[in-house]
Each structure stands twice: as structure tokens, then as C-alpha cells.
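Below: the structure, in C-alpha cells.
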Amino acid sequence: MYYTKQPLKRLMAGILAMLAIVACSSCKHDDDDVTKIDYDKVADHTVLMYMVGDNNLSSLLENNVRQAHRAILDSVEVGALNLIVMKDNKQTDDNLPKLYWVHRNAAQRLDTVMLQTWTEDIDLADPDVLASVIKTTFTRFNTPIKGLVLASHAAGWVPVTTNHHYDSPRRKAFGYDQNNQYDNNLVGSIELWDLAAALRQGPKFDYIIADCCHMGNAEVAYELRDVAHYLVASSLEVQGAGMPYRKVFTRLSHCKSASDLPDALDYSMRCYFDENAPYGASKKGASDALYDLTFMPQLASSYQQLIRSNASRLETLAEADPLIITDWLDYFQPLGRESVTSSGSVHYKYYYYDIKDVINWLGEVDAASANAAMQALQQIVLKEYHSSQFYSEIIIDHHCGMAVTLPETIHLANEPGYRQFFSAYASNAAGLLAAYHHTAWGAMMGY
């Protein structure tokens, strides 16, 4: 009996081992099914929400994500839009970054597929991280329509500064990641030129929604001219709640081709504008615009010629009496606020002005180049909305939808407002000038 039982035991052990292997293989196969989903067949339209919320916008951005989730449930048909979310919000979950795909299933519920998770905090305001997330997303979702939302703090082209009401030093072009594992002095952001370089590592986007302050200017639009076809941005600050994503993504989910995007993006802007304007009561005013970036090279070329034609005027103005400079500034519609905090430091608001006003002033000595610039501007700004007032500081008599930094403004140290704002640069004025030259727009103009 001893010799007959041994083979039986071995046989039973072998069977159990095989069953275990099959079970494990089955589990592994389920995991592989997630990664082997034919993402291209899920929808023809993918949008990545890049939410840099490890800062004081955390709760607001988390609400934006909830609205976006709801929009997927509201979509007319299952799989109308691939929503990919990259978020790092302080006040949610385990406070760790995550990249995931949200879609509606046949049971009218949301499915969430994790594309990448992190076991420690990372800096989303790092161009390498941004480029990696874009690559992961659009390699898996190589759909005909590709969109990107950039949500966080931002300030257009303005670079590293210590003159800020948050922790410093920090870069201010886009993003503000107050990474908890680092000292606050290492809080970072992405310079404008680094932002563009990171985005170029991915596909060309059909549209970018810049849900962040002061990205609606010529410097940003020109930097992103080859990164996307359409750009939605504001020349002013964006109100804290940002875009109403439930409405925005529900409307975008109807887009079957790129030709549907302008109307959908226009609707999205109007929804944001209607919720924040006109000025009064709890509303502080708003502005946003839709740009066709295809025509930015034409605008830049004409503007460059205007700068050359006005070289002597600008040189004289840069050395002018402060009162003359103040009178000159009154010629232009301002789009940046000058505000001082209780501690006496200058709030982070910049000197952006309506670009149409600037073109008109430069055109006084070069009408032909001004006309060419105006024609390009009309092709770029497809839609624009602005309130008649923004907070208590700015009365908006007119606005074409795009802002620009005035020529030679960073030389105007004698004008009181500029001296106050740029006081932090007193020992590094050349650094600020070099930074503006580092933007593609500033380099082309040769300021």
C-alpha cells in the first residue's frame, strides 16, 4: 500500500499545482486585458486633464474633476469621449499623483482604469513629467481628436521671481506644485519655453484649454504656435472655480471631427464667461478668447516689422520723463492688475495690454505693417468675450481678445507702477530682460 499511495499523492499534488498555475495565469490575463484594450476603438476623441493642484487650488481642481466625471455620464452615447485625468491634489485620496482613464459603461456607470500610479509625490510642474504623461496618454489613445487641459496657477511668460505672494522663489509661467516632501523654496513651475518643449514631445493637439491666469497673450500663443491648432485662454486672471467642466466636456463629447471643435470651444468659453460676468455682486468679471494658432507666424512677422519701424520712438520713450511714460500708458487698455498685499509686497499681477492698441500706436509710423498685423489678428482671434470691469481695478472699455507685453516696458524703471512691480528685479534687471528674450516672441522682436 505504501508504494501505491505515493504515486497518488504525487498525482494529486501535481493536479493542485496545475490548478494554481491556471488560476494565477487567469488573474494575470485579466490584468493584461486592461493594458491590451484597443483604446483607439473606444472613442475618436481624447482629452487629457493635467491638473497641477498640489497648492491652494486643490479643492477647486478636485471639484473640476468631479464635474468632468459627471460630463462623461451626461454624454449622449457610451464612449463619446475618452477622459484622461492626471491629478495631484492635496486634499484628496492619499495625496499621491495618479493618471487614469474614465469612461461610461453600458450600465450607465463610470469605469476607472488606472494608467499609472505613484508611491511617492512627484513634481507635476516638471516639464519631463508633463512630457511623460502626454506620451503615456496619447500612445495608448492615438485618437483622431486630441485635446489638453492645463489647470493650475499661471502668469503667461513671466519667469523666476521672488516678488510673489506665495512661497518663493518659484517659476510662474505655468503650474505651482507645492510638493509636500520638499522644502517650500523648491516649489516649482514650468517656464513658458520649457512648457512648449515638453508639449512638442507629444502629438500636435487639436486644442488646448488653458484654465489658468494670463495665458491669453501673444507671447504664449506664439510659443505654442506649432503645439496646437486651437487655444482657449484668458488675458486676465481666471476665476478660482475655473471652467465649468460638466458643460464643457458634455459639449465636446459631441464633436465627431476636428471641424466641430470651434463651435464646441466657443460654447465652452461662453459657459465660463456667463458664470463669471458681468461684473457685480459676487462676480468679479472675466475674459476669454479662442485662437487659431495657425496664423501666429504672420502676426509675429508683421509685429516684428512694426518694432523695427518704431526703434527710434521706443528708444526715446525708454529714457523719457516718468510723466510722459504715464501719459503714454494711458493710450493702452490694461489687462493686468496692480495690487499690494497687507505686508506691502506686490501681488503677482502683470502689465499686459490689448495688442490691438499696441499695433495701432506702432502703426502711426508704419501703416502697412499695422494693417498686415490686424489682418492676421482677425484670423487668429475667432471668438472673444470680456466683461466691462474686472475686479475693482480694471475698467475694460474694449478688448480684442489678445494681450501683449508693451515694447521696452521692462526698461521703464522710472514709472512708479513699474518700479513698484519690478523692485524685486532691481539687482537682476538683466535677468528679466534675458528671460523675455528667451521667449520665442521676445527673441523674434529683438527687444
Please state the shape class of region 253-329: rounded when a/c is under 1.5, otherwise prolate if a/b exceeds b/c and oblate if not, all from the C-alpha gyration tensor. oblate
Taking square-rooted eigenvalues a ≥ b ≥ c of the alpha carbon gyration tensor, is region 208-342 rounded, prolate or oblate, where a/c under 1.5 means rounded and, failing that, a/b exceeding b/c means prolate? oblate
Let me cross-check GLU223: its accessible surface, 1.4 Å probe, with only protein heavy atoms counted, in Å² to the nearest 10? 10 Å²
Taking a ≥ b ≥ c as the square roots of the Cα gyration tensor eigenvalues, with a/c under 1.5 meaning rounded and otherwise prolate when a/b beats b/c, else oblate, which class fits region 82-155? oblate
Accessible surface of TYR207 - all protein chains present, 1.4 Å probe, nearest 10 Å²: 0 Å²
Go through ARG200, ARG225, ARG109, ARG66 and list them by solvent-accessible area, largest first, probe radius 1.4 Å. ARG109, ARG66, ARG200, ARG225
Per 0.36 nm of contour for each residue apart, how much would the distance between ARG308 and GLU275 grow if the chain were fully extended, relative to their Cα-Cα spacing? 7.7 nm
Relative contact order for region 245-295 using alpha-carbon pairs under 8 Å, separation at least 6, rounded to a whole percent? 26 percent
Over 29 Å between alpha carbons, listed pairs LYS87/LYS356; LYS247/LYS356; LYS146/LYS247; LYS98/LYS284; LYS98/LYS247: LYS87/LYS356; LYS247/LYS356; LYS98/LYS284
How large, in percent, is the carbon and sulfur part of the accessible surface of region 234-308 at a probe radius of 1.4 Å? 50 percent
Expected output is a single nm value to one decimal: the length gained when fully extending between GLN378 and ILE122, i.e. 0.36 nm times separation in residues minus the C-alpha distance. What is it? 88.0 nm
Set the Förster distance to 22 Å, then compute FRET efficiency between ASP111 and ASP44 from the Cβ-Cβ distance, nearest 0.05. 0.75
Which length gain, in nm to one decimal place, applies between ALA368 and SER259 when the Cα-Cα distance is subtracted from 0.36 nm times their residue separation? 36.0 nm
Debye, to nearest 20: dipole size of region 195-285, +1 on Lys, Arg Cβ, -1 on Asp, Glu Cβ: 220 debye
Separation in nanometres of the label points that stand 7 Å from Cα toward Cβ, at HIS437 and ASP226: 2.2 nm
When all protein chains stay in place, what accessible area (Å², nearest 10, 1.4 Å probe) is found for LYS87? 10 Å²
Note, LEU265: beta-carbon cut-off 13 Å, +1 each Lys/Arg, -1 each Asp/Glu, net -4
Ranked order, LYS247, LYS204, LYS146 - accessible area, probe 1.4 Å, largest first: LYS204, LYS247, LYS146
Computed for region 80-146: size of charge dipole around the Cα centre, +1 on C-beta of each Lys and Arg, -1 on C-beta of each Asp and Glu, debye to nearest 20, value 520 debye
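The values are calculated or read from the model by the stated rules, or taken from the named source; none is laboratory data. Source: prediction; values computed, not measured. Backbone-built Cβ (ideal geometry, glycine too); neighbour counts: all protein chains shown. Please note that ligands, DNA and RNA were not included when accessible areas were found on the heavy atoms of the full protein model with its side chains. Shrake-Rupley method; radii C 1.70, N 1.55, O 1.52, S 1.80 Å.
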